[in-house]
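Asks: Input: one structure, supplied below.
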Amino acid sequence: MLKELSKRQQRLIKTVIQSKTARIKNSCFIVEGLKNVEEALDSDFDIGFIVLSDAFLELHNVFLEKLKRKVSQDKLHKVSHKTFIELTDTV
């Protein structure tokens with residue numbers, strides 16, 4: 001079972017997406033897209049957390065199993081599709 005993303009983590013995501021200063025201050029960046037996430041997992045980067053929408057999970061169960069083998073379960077988080085769209089909306 002995946003954990004829900006906390007409000008604090010949601011605020012961090014929004015801030016990091018919108019502000020270069022926040023990315024530098026928090027020493028983090030956002031990786032989006034299946035291929036880019038796979039590349040990040042194969043790199044030496046420290047993965048803070050991975051956010052998956054429920055809609056994505058319905059279509060990509062095999063990818064979820066791959067994630068579970070590569071990162072600890074406490075780094076995997078699920079949000080509704082609506083919340084995911086709100087988090088990634090840069091307008």
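Asks: Taking Arg11, is it surrounded by fewer than 16 Cβ atoms within 10 Å (Cβ to Cβ) and in contact with a Phe, Trp or Tyr (Cβ under 6 Å, 6 or more places away or on another chain)? Talk me through it step by step, then tell me what you get.
Replies: Working: surrounded by fewer than 16 Cβ atoms within 10 Å (Cβ to Cβ): yes; in contact with a Phe, Trp or Tyr (Cβ under 6 Å, 6 or more places away or on another chain): no.
For Arg11, the condition - surrounded by fewer than 16 Cβ atoms within 10 Å (Cβ to Cβ) and in contact with a Phe, Trp or Tyr (Cβ under 6 Å, 6 or more places away or on another chain) - is not met.
Asks: In the range 3-29, how many residues are without any contact (Cβ under 8 Å) to a residue 40 or more places away in the chain and among the hydrophobic types (A, V, I, L, M, F, W, C)?
Replies: Count: 6.
Throughout, read-outs are computed from the coordinates displayed, never taken from laboratory work. In this text, all values refer to a predicted model and were calculated from it rather than measured experimentally. Don't worry about glycine lacking a Cβ; one is built from the backbone with ideal geometry, like all the others, and counts go over all protein chains shown.
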